[in-house]
Amino acid sequence: MTLSYLQLVSVKNGIGNRDAICNGLEYLGTRIDPERNNVRGKEAEISAEGSKVKIFAIPTNEEITIARDTKRITSPLVMKNW
């Protein structure tokens, strides 16, 4: 199976990182709107008008995800050794 075109990009990083990621994909039709890209803490479309690809910023909380995964993985080990 080959990818013939790109429809959507979802990015979670900060404003500068989103620029860097999507500017490297311009050959696929990505274009970021600088005004829309100035969003933090909420889901938003940040693609420029006329962009061939829809680009969305998705907020994340990596610290809580890491903490939850660590608890899930280590809890059985801790209880086993008590």
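For segment 12-35, the set of residues classified as modelled with pLDDT under 75 and either within 14 Å of Gly50 (Cα to Cα) or not in a loop (DSSP other than H, G, I, E, B) (or both) consists of Ile15, Gly16, listed by residue number. Just give me the residues in segment 46-75 being surrounded by 10 or more Cβ atoms within 10 Å (Cβ to Cβ), under 30 Å from Arg31 (Cβ atoms) and over 16 Å from the mean Cα position of the chain (by Cα), in sequence order. Those that are surrounded by 10 or more Cβ atoms within 10 Å (Cβ to Cβ), under 30 Å from Arg31 (Cβ atoms) and over 16 Å from the mean Cα position of the chain (by Cα): Ala48, Ser51, Lys52.
The values are calculated or read from the model by the stated rules, or taken from the named source; none is laboratory data. Keep in mind the model is a prediction, meaning the values are calculated, not measured. Cβ coordinates were reconstructed from backbone atoms using ideal geometry, including for glycine residues, and neighbour counts include every protein chain displayed.
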